[in-house]
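> Here it is: the structure, laid out below.
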Amino acid sequence: MRPLPTLLTLALAAAFGGFTASAINAHLDNRAEAANASAVLPTTAALPAAVAGQAVPSLAPMLEQAMPAVVSVNTKQVVRVRNPFFDDPFFRRLFPQVPQERINESLGSGVIIDAAKGLVLTNHHVIDNADDVRVTLADGRTVQAEFIGSDPDTDIALIRIPAEKLTALPLGNSDQLRVGDFVVAIGNPFGFSQTVTSGIVSAVGRSGIRGLGYQNFIQTDASINPGNSGGALVNLSGQLVGINTASFNPQGSMAGNIGLGLAIPSNLARDVVEQLVTKGVVVRGTLGVETQNLTPQMASGLGLSETRGALITRVLPNSGAASAGLKAGDVVLAINGQRVDNAQALHNFEGLSTVGRSVDLDVRRDGKPLQLKATLKEQPRAVSGDTLDPRLGGATFADLPESLRQAGVNGVLVNDVARGSRAAQSGLASGDVILAASSGQFTDLASWRASFSPRPQQLVLSILRGNVRGQLVMR
């Protein structure tokens, strides 16, 4: 096996949920000296209540209503300390007080969206792998939270708190946001609770950011820093229009805000919450195609005037695309009127769509325009190896986390391998990523299934385990 080259990813604050409260000490060492009494500014320097008879605009009335709905989300995770000496019984007898576990604490934000039911919306990465989640309300109460469900691929999580006299934020229509609209971010950056920053909507529908999941972000220049994750982005009417999730800074998330914040639209969050409440999981729709980006030479050969669109390389049998009449060689230029620039844009649209959704496709076939209508079908969440090939018996497979796909990795995830199973005896392990196989080409779970028709005579898997590549011959 050889080391896998390190994936270069942008410095994103998707680790905001892992912000450690103690880190604040490093930023507060240079405290300002107390000012002398003579240096205090006179009260006359304050803004007047009115100018030329007109009241000075203020966000205070709206924030008085909205801020009680924004909470602090505190998590604890017990992590086992890996030390080779702990494997030695003699060492453990000599040093019984040496800790073998540590507790990682982190701080994020959340938004109460249903006061009667105590439902709190936050980011998946804020509560991911937490052993204990507690919510601190604006009035100082701290309560234990119950996990309802989460969707890692959109970074949305739902928790419930058993508390009364809660305030909830009404969900606004994020589709109505326009570039230039004023918005306000509320959260707990660097542990400073109930912090408000303001700005405008810098862009809508932002995507193509490496290392994040399905993307349809609201971009804002309202300051979003570590600890803001899961907090509220509200409009001037006090409606929740987004869930703050990340910011961009080439120097790293702890370098501070540079006016490039990202929020999950409230309409997307609403759809995810509805599925989490009713089903416990998020089920996505899919066209059932494999695609690739176009090169200038390919675009010219296909009679296209510009190099853009998603080139269909394979249509899976019994899929929505097959029923609609899509064929290999077709180029999808738009879906439901939304421009498709590349293969990732089409994949991203699918990931944000529900099962049964009907879509209109703007297609070019042999250089000629074609309009097709397709219905998205359910995307399987997991596949048993026994249904694919006996040599994979005992293993289950799932799609890769979307964050890995955004980082350029294609394949399927080995979700679980039963001890003593045929797959385990061949060396397959839970957590492996299958990048290629002798069964045929594939990019995701659906095409992985299709690649086993017919079954290969010899089954060799190219896998990624940690940062190391290798091959396994399945017997």
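The values are calculated or read from the model by the stated rules, or taken from the named source; none is laboratory data. Since we're looking at a predicted model, the values are computed, not measured. In this analysis, Cβ positions are derived from the backbone assuming ideal geometry, glycine residues included, and neighbour counts consider all displayed protein chains. These accessible areas exclude ligands, DNA and RNA; they are computed on the full protein's heavy atoms, side chains included. Shrake-Rupley method; radii C 1.70, N 1.55, O 1.52, S 1.80 Å.
> Which length gain, in nm to one decimal place, applies between residue 378 and residue 128 when the Cα-Cα distance is subtracted from 0.36 nm times their residue separation? Spell out each step's value before the answer.
On the way: separation 250, 0.36 × 250 = 90.00 nm, distance 2.57 nm.
Between residue 378 and residue 128, full extension yields an extra 87.4 nm.
> What whole-number value in Å² describes the accessible area per residue of the stretch 125-240 for a 1.4 Å probe? It would help to have the intermediate numbers written out before the result.
Working: 4830 Å² over 116 residues.
Solvent-accessible surface per residue comes out at 42 Å².
> I would also like to ask the following. Under a 5 Å amide H to amide H cut-off, with H placed in plane at 1.01 Å, what residues pair with residue 211 once short-range neighbours are removed?
Under 5 Å from the amide H of residue 211: 406, 407.
> Contour minus end-to-end for residue 142 and residue 274, with contour as 0.36 nm per residue of separation and end-to-end as the Cα-Cα distance?
Residue separation times 0.36 nm, minus the Cα-Cα distance, leaves 44.9 nm.
> Also, quick follow-up: Top to bottom by accessible area (1.4 Å), largest first, where do 178, 339, 449 land?
Descending order: 178, 339, 449.
> Out of the stretch 283-375, which GluC sites (Glu not before Pro) are coil in DSSP terms and have no more than 11 other C-beta atoms within 10 Å?
Hits after loop and neighbour filter: 306.
> Any idea of residue 298's accessible area? Nearest 10 Å², probe 1.4 Å.
60 Å²
> Hey, any idea what % of the stretch 303-427's accessible area is carbon plus sulfur with a 1.4 Å probe?
46 percent
> First obtain the Kirkwood hydrodynamic radius of the stretch 108-239 from its Cα pairs, then insert it into the Stokes-Einstein equation at 25 °C and 0.890 mPa s, and state the resulting D in µm² per second as a whole number. Don't skip to the end; give the middle numbers.
Working: Rh = 15.5 Å.
Translational diffusion coefficient: 159 µm²/s.
> Could you list log10 I(q)/I(0) for the stretch 190-341 at q = 0.10, 0.21 Å⁻¹, which the Debye formula gives when each Cα is one point scatterer?
-0.53, -1.25
> Looking at the stretch 98-169, which GluC sites (Glu not before Pro) are in a loop (DSSP not H, G, I, E or B) and have at most 15 other Cβ atoms within 10 Å?
Answer in residue order: 164.
> So, one more: Solvent-accessible area per residue for the stretch 396-475 at a 1.4 Å probe radius, Å²? The partial results should precede the final answer.
Details: 3770 Å² over 80 residues.
Result: 47 Å² of accessible area for each residue.
> Also, quick follow-up: For the cross-link pairs 76/117; 327/368; 165/279, which exceed 18 Å when the distance is taken from alpha carbon to alpha carbon?
Where the Cα-Cα span goes over 18 Å, the pairs concerned are 76/117; 165/279.
> Quick check: Cα centre of the stretch 256-311 to Cα centre of the stretch 111-174, how many Å?
Centre-to-centre (Cα) distance: 27 Å.
> Share of the stretch 434-475's accessible area from carbon and sulfur, percent, 1.4 Å?
So the carbon and sulfur contribution to the accessible surface is 44 percent.
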